[in-house]
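Step one of this worksheet: look at the structure below.
The values are calculated or read from the model by the stated rules, or taken from the named source; none is laboratory data. For clarity, every value in this text was computed on a predicted model and none was experimentally measured. Quick reminder, even Gly has a Cβ in these numbers, built from the backbone with ideal geometry, and neighbours come from all protein chains shown. Only protein heavy atoms, including side chains, enter the accessible area calculation; ligands, DNA and RNA are left aside. Shrake-Rupley method; radii C 1.70, N 1.55, O 1.52, S 1.80 Å.
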Amino acid sequence: ANNLIIAWDAQKFWIYKTLNFYNGNSISNLSNIPNSWYPYLGSLAWSFFWKVSLIDNEYTGRLFFALLYLSSLLMLVSNLKVSLIFKIILFIIFIIISYDYTYHSHWSMFAGNQEILIFSLICIAMHFFYKMTFKKENFSNVNILSILIISNLLIWIKHEGLILSSLLIITLLLFFKINRLKKVYIFLSFLGILFLRYFIFEYYSLNSSNIQHVGYNDLSLSSIIEKISFDRILIVTKIVFLNLFSNYLLLLGIILICLFFISKNGFSKINYIIFFGGSNLLCFSFLYLITDADITYMLETGIDRIIYQFSPFIFLLFIEYFNSVKKIKV
């Protein structure tokens, strides 16, 4: 309520969808508003909580974003093997280091952009990943189902959600002890989720121009190969590297990886976390590499938000390290 500004992306992409649902229109009407090819789940949640709020102000719908953010961090903190008072302290520290201050210099990160929703869902996914690491876990099916549900939600919020959800499922299939038949079910379920997303957008003509994302006009194999050059790789590497060291969470992650390396724990305990974080970084770097738009402009205006969205894997690194040290001391 102290900073009611709606961010530029929210003004261009999300507020129209929010108003569509708030005014009682259905999914079919999204084809009549700008950028209909963008996902709409975040706007739907925004409009819903605005509608049911006792205070008839638009920003009350965005309070849900803050609630989800705080709840996701609480779920992660609950995995730490410390007393309640220390959990409260660490919860506050998690908020301080995960709050996106680059947003705050111009507007709040709750200004209607969808990155905070992705960040929060990845936090929750990391919580269920951690639960999956316990051999005696009695709720493995619940954890798997939860990760599938999160993967489904991600692809309805932003286009980046497709990459993030795919890597969540790949990590789940590669690094956790799940029988082959169940892996087949997981894979087929995820394919069903992707098909449903495609079907809904086709059925309601939400992507009649076949636009996949701004800045990508030609994705043919020959065009992709032509864009892969040493100069472009150097640009991507430089800007991504600089953004890695400007993110508080990523700096913490580098320290944690070093601590794992010099400790007796080794990397075997965190290989699934390293894979998830590293594969996201590589995939999104490649996507920037093959853009048809100005590559420098695209990176400077977007890579920090991309990194922020999958950065919760650092919290999982912290939990794994903290609890392993605590176990050794005990």
### Hits in the range 59-99 - residues which are within 23 Å of Glu115 (Cβ to Cβ) and free of Cβ contacts under 8 Å to residues at least 12 places away in the same chain
Thr60, Leu67, Ile92, Ile93, Ile96, Tyr99
#### Entry: Count of residues meeting criterion [exposed (fewer than 15 other Cβ atoms within 10 Å of the Cβ) and under 12 Å from the mean Cα position of the chain (by Cα)] in the range 160-178
0
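Considering the range 36-57 alone, what residues qualify as being open to solvent by 40 Å² or more (accessible area, probe 1.4 Å) and of a type outside the set (Lys, Arg)? Steps first, please.
Quick first cut of the range 36-57, residues open to solvent by 40 Å² or more (accessible area, probe 1.4 Å) only: 41, 44, 48-49, 51-52, 54-57.
Scanning the range 36-57 gives Leu41, Leu44, Phe48, Phe49, Val52, Leu54, Ile55, Asp56, Asn57.
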### Task
Scan (1) surrounded by 18 or more Cβ atoms within 10 Å (Cβ to Cβ); (2) over 26 Å from Leu76 (Cα atoms); (3) not charged (D, E, K, R) for the single condition Asn143 breaks and write down its number.
(2)
### Odd one out for Ser78 among (1) modelled with pLDDT under 90; (2) surrounded by fewer than 18 Cβ atoms within 10 Å (Cβ to Cβ); (3) of a type in the set (Ser, Thr, Tyr)
(1)
### Task
Scan Phe199, Phe134, Phe230, Phe176 and give me the residue that is modelled with pLDDT under 95 and touching a helix residue (DSSP H, G or I) at 6+ places or on another chain (Cβ under 6 Å).
Phe176
### Query
Quick one: Phe110 ticks every box in (1) open to solvent by less than 30 Å² (accessible area, probe 1.4 Å); (2) under 27 Å from Thr18 (Cβ atoms) bar one, so which box is it?
(1)
### Task
Pull up the range 235-252, narrow it to residues that are of a type outside the set (A, V, I, L, M, F, W, C) and open to solvent by less than 100 Å² (accessible area, probe 1.4 Å), then point me to the one that is nearest to Leu289 (Cα to Cα).
Thr237
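Give the residue, chosen from Phe260, Phe267, Phe230, Phe276, that is of a type in the set (Phe, Trp, Tyr) and closer than 15 Å to Gln309 by Cα. It would help to see each step written out before you state the result.
Values: Phe260 fails: closer than 15 Å to Gln309 by Cα; Phe267 fails: closer than 15 Å to Gln309 by Cα; Phe230 fails: closer than 15 Å to Gln309 by Cα.
From the options Phe260, Phe267, Phe230, Phe276, the qualifying one is Phe276.
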### Residue in the range 47-61 that is at pLDDT 90 or above, among the hydroxyl-bearing types (Ser, Thr, Tyr) and closer than 21 Å to Glu160 by Cα present
no
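Going by what's in this entry, would Phe119 be described as open to solvent by less than 50 Å² (accessible area, probe 1.4 Å), closer than 21 Å to Glu320 by Cα and of a type in the set (Phe, Trp, Tyr)? Quick ask: steps written out before the conclusion?
Details: open to solvent by less than 50 Å² (accessible area, probe 1.4 Å): yes; closer than 21 Å to Glu320 by Cα: yes; of a type in the set (Phe, Trp, Tyr): yes.
Yes; evaluated as a whole, the condition is true for this residue.
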### Looking only at the range 1-30, and only at residues there that are open to solvent by 50 Å² or more (accessible area, probe 1.4 Å) and of a type in the set (A, V, I, L, M, F, W, C), the one that is farthest from Gly61 (Cα to Cα)
Trp8
### Message
Any residue at all in the range 220-236 that's of a type in the set (Phe, Trp, Tyr) and part of a helix (DSSP H, G or I)?
### Response
yes
### Task
Select from the range 179-202 the residues that are under 25 Å from Lys269 (Cα atoms), in contact (Cβ under 8 Å) with a residue 12 or more places away in the chain and open to solvent by 20 Å² or more (accessible area, probe 1.4 Å) and list them in ascending order.
Lys182, Phe187
### Query
Here is a list of conditions, (1) within 22 Å of Leu145 (Cβ to Cβ); (2) more than 20 Å from the chain's Cα centre (by Cα); (3) among the basic types (Lys, Arg); (4) surrounded by 13 or more Cβ atoms within 10 Å (Cβ to Cβ), and Arg232 meets all of them except one; can you say which number that is?
(1)
### Query
Filtering the range 203-227 down to residues that are modelled with pLDDT of 85 or more and closer than 24 Å to Ile155 by Cα, which residue is surrounded by the most Cβ atoms within 10 Å (Cβ to Cβ)?
Leu206
